[in-house]
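Scroll down for the structure; my scribbles are underneath it.
Rule-based calculations on the coordinates, nothing more; no lab input. Nothing here was measured: the structure is a model prediction, and the numbers come from that model. Using ideal geometry, Cβ is built from the backbone for each residue, glycine included, and neighbour counts are taken over all protein chains shown.
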Amino acid sequence: MILRVNKKILRPFGWLVGYSLCGVTLPFVALIDRETFDIDTVIAHHKIALRQQFELLVVGYYAIILFEFLRNKLIYRMESLDAYANTSLARECFLFEQEKHHTTSRKLFNQWRLGI
């Protein structure tokens with residue numbers, strides 16, 4: 001489910017990455033700023049993330065994101081935004097967020113099939 005919300009609701013999530021968010025994916029729901037300029041792209045990004053959560057049974061999704069984020073921050077010394085963007089799950093979202101029908105044609109566990 002995707003909900004369009006006020007930006008104030010997203011502020012607490014921004015401290016994790018150190019910048020203002022236009023959306024966040026929680027278990028079974030994506031919250032998206034209703035004033036986002038490119039709303040279609042943001043919705044497509046979060047639809048892919050919701051599909052990944054379903055495949056990885058939510059807990060696996062967050063375990064992978066957390067592990068890869070911390071690895072990127074601590075070992076590769078990346079900034080928070082780069083550390084998130086370079087996780088295998090986020091890379092698929094960013095790569096296909098321009099394709100409106102990616103979630104319907106997507107194969108299971110596609111984030112690892114891509115070789116990204």
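Table for the structure above
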read-out: Net length gained if the chain between Leu114 and Arg77 were fully extended (0.36 nm per residue, minus Cα distance); value: 10.9 nm
read-out: Lysines with Cα under 17 Å of Lys47, excluding same-chain neighbours fewer than 8 positions away; value: Lys100, Lys107
read-out: The chain: Rg to Rh, with Rh as the Kirkwood radius over Cα pairs; value: 0.94
read-out: Linear extension gain, Phe37 paired with Ile2, 0.36 nm per residue minus alpha-carbon span; value: 11.0 nm
read-out: Partner aspartates and glutamates for Lys73 [C-alpha distance under 18 Å; skip if fewer than 8 residues away on the same chain]; value: Asp82
read-out: Student exercise, the chain dipole from Lys, Arg, Asp, Glu Cβ charges, in Debye to nearest 20; value: 180
read-out: Share antiparallel - DSSP beta bridges, the chain, percent rounded to 5; value: 50
read-out: Contact order relative to length of the chain, as percent, for alpha carbon pairs under 8 angstrom and 6 or more apart; value: 23
read-out: Proximal charge balance of Asp33 [Cβ under 15 Å; K/R count +1, D/E count -1]; value: +2
read-out: Filtered chymotrypsin sites (Phe, Trp or Tyr not before Pro), region 1-96: DSSP coil and at most 16 other beta carbons within 10 Å; value: Tyr19, Phe28, Phe37, Tyr76
